[in-house]
Amino acid sequence: MGATEAKTVHSPALTYFSMLSLLSLCPPFVILLWYTMVHADGSVVQTWNFLKQHGLQGFLEIWPRPTAIAWKIIFVYGAFEAALQLILPGKRVEGPISPTGHRPVYKANGMAAYFVTLVTYISLWWFEIFNPTVVYDHLGEIYSALIFGSLIFCVFLYIKGHVAPSSTDSGSSGNLIIDFYWGMELYPRIGKSFDIKVFTNCRFGMMSWAVLAVTYCIKQYEANAKVSDSMLVNTTLMLVYVTKFFWWEAGYWNTMDIAHDRAGFYICWGCLVWVPSIYTSPGMYLVNHPVNLGSQLALYILVAGILCIYINYDCDRQRQEFRRTSGKCKIWGKAPSKIEATYTTTSGETKISLLLTSGWWGLARHFHYVPEILAAFFWTVPALFNHFLPYFYVVFLTILLFDRAKRDDDRCRSKYGKYWKLYCNKVPYKIIPGIY
Ligand code: NDP
């Protein structure tokens, strides 16, 4: 299957428009968001007025140049994570079978890498070997270096996809922009065992989320000699979320990001730049806005956030347990209700997938996105409502997941045909039960 076939679920005009817009707008947006959070009090109006007054020249002036220290931080962090990915022991895990019949094999050592990373980072601070405030103080330069470095990395992925693909799951759409944006290889590797998407998505991107959450907390502590309860709630919820991610990392290797989206700008640049900058932004805002919530409100928000993260985890767990046991498990205490969906692979083989139609997956076809969005809201709401920008991630995530639900539905409809229709009749709502 060519990359074009896999991706153009919207009209071609909309597809090209959105690809070119994201390629050109995301990099400057990362810088503007950082600038607004760190230097303009989190106020979009303040940044807007600055740009109105100083124009393009002003914008170029606020765009930090990548410095040697920024490159050094990125390189040391990236090399450390790559080494952990290669060296730490882990169980052998098989990914899902691809459309060309290839089954990737992984070493599941994400939780160990996460633990080693956080212990190392916090110890470096505790024993005064490296102060995380250095990262915060050079954040703009780091994002700038990441923007350019990751673009070059995506060019490398494009060239590798053409000249040295790692598996049969690779191909060109015949269009340079689509190949660069959506990627060419599904499972690019360096050598036999260094999986590039595990590195970019999990060990660099998701790991940086936890590392930066800790960084913001330490920065506030070093600046004020205490940490506000709003920052504590934010950091705790983000860390619970990322811990959940690494706990379930092998499950993530069965999701759309890994099993369907190829390694290109969309996924790889997104995980290398967008995750460390945008996903962590509520914490970035709180550094200079130590809101005091009071212990009761802080506790309510914390509990609500943890509950949402748990429900999101349980949705993913239910689906994976159901698939792993071929439906021979209990869902909410009962035998699951299911559909046996037949489909044909590109090589013409007929296969069967089970679709779960009870439990969380009986409420709506993508119900798991509801607690995902709510969890993001709960780790942002400690910032209260003085500024809109901390909520940008929640708004972005909502758009991303609603679009993803459409992409996934379209893909599943073309994969399962009448069986997907049957599923839609049985579970008519896409995301929000009774509403959408
Ligand atoms: P998944 O890939 O986990 O689930 C969708 C896939 O599951 C479908 O493509 C289909 O694949 C299979 N499937 C669909 N319906 C059923 C069913 N009823 N029973 C069994 N299998 C089914 O979804 P996502 O990758 O979107 O989400 C995974 C997690 O990642 C979620 O927790 C989500 O919230 C989170 N996420 C977070 C994002 C963020 O930026 N913070 C972005 C995206 C996701 P098949 O071909 O195998 O049938």
Net charge over other residues, Cβ less than 11 angstrom from the Cβ of residue 133 (K, R count +1; D, E count -1): -1
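Given R₀ = 56 Å, FRET efficiency for residue 299-residue 175 by Cβ-Cβ distance, to 0.05? Working shown, then result.
Working: r = 53 Å, r/R0 = 0.94.
Efficiency for this residue pair is about 0.60.
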GNM top mover of 121, 216, 285 - the chain, alpha-carbon springs below 10 Å: 121
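Please list the equivalent ellipsoid semi-axes of the stretch 1-109, computed as the square roots of five times the alpha-carbon gyration tensor eigenvalues, in descending order and whole angstrom. Don't jump to the answer; show the numbers that get you there.
Values: eigenvalues 292, 140, 26 Å².
Working from the Cα gyration tensor, I get semi-axes of 38, 26, 11 Å.
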Using a Förster distance of 25 angstrom, determine the FRET efficiency expected from the C-beta separation of residue 429 and residue 328, and round it to 0.05. 0.40
Any idea what angle helix 44-62 forms with the longest principal axis of the chain, computed on alpha-carbon atoms, 0 to 90 degrees, nearest 10? 90 degrees
What is the set of long-range amide H partners of residue 293 at a cut-off below 5 Å, with H atoms built 1.01 Å from backbone N? 229, 230
Just want the answer: with Cβ charges of +1 for Lys and Arg and -1 for Asp and Glu, which residue in 378, 162, 269 is farthest toward the dipole's positive end in the chain? 162
Stretchable slack from residue 67 to residue 54, in nm (0.36 nm times residue separation minus alpha-carbon distance): 2.3 nm
Which three extents, in whole angstrom, do the alpha-carbon atoms of the stretch 321-390 cover along their principal axes, largest first? 56, 36, 18
Students often check this: by mean Cβ neighbours within 10 Å, which of 189-200, 231-242 ranks highest, and how do the rest follow? 231-242, 189-200
Charged-residue dipole, Cβ positions (Lys, Arg, Asp, Glu), the chain about Cα centre, Debye nearest 20: 1520 debye
Which of 298, 68, 383 moves the most in a Gaussian network model of the chain with Cα springs under 10 Å? 68
Rank by packing, highest mean first: peptides 122-130, 75-83, with packing defined as the count of other Cβ atoms within 10 Å averaged across residues. 75-83, 122-130
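Grab the beta carbon distance between residue 152 and residue 343, set R0 = 41 Å, and tell me the FRET efficiency rounded to 0.05.
Working: r = 38 Å, r/R0 = 0.93.
Efficiency computed from Cβ-Cβ geometry: 0.60.
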Given C-alpha coordinates of the stretch 281-436, what is the ratio Rg to Rh with the Kirkwood estimate of Rh? 1.08
Among the listed pairs 334/430; 91/328; 107/192; 244/406, those beyond 18 Å (Cα-Cα): 334/430; 91/328; 244/406
Order the peptides 286-292, 24-30 from the highest to the lowest mean number of other Cβ atoms within 10 Å of their residues. 286-292, 24-30
Could you give the dipole magnitude of the stretch 17-150 about its Cα centre, charging the beta-carbon of Lys and Arg +1 and that of Asp and Glu -1, in debye to the nearest 20? 500 debye
Shape metrics for the chain, restricted to C-alpha atoms - Rg then Dmax, Å: 22.0, 65
State, to one decimal in nm, how far the label point of residue 314 lies from the label point of residue 97, with both points 7 Å from Cα in the Cβ direction. 3.3 nm
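Each reported figure results from applying straightforward, stated rules to the coordinates on display, with no laboratory input. The structure presented is a predicted model; accordingly, all values stated were derived computationally and were not measured. Neighbour counts run over all protein chains shown; Cβ positions are idealised from the backbone, glycine included.
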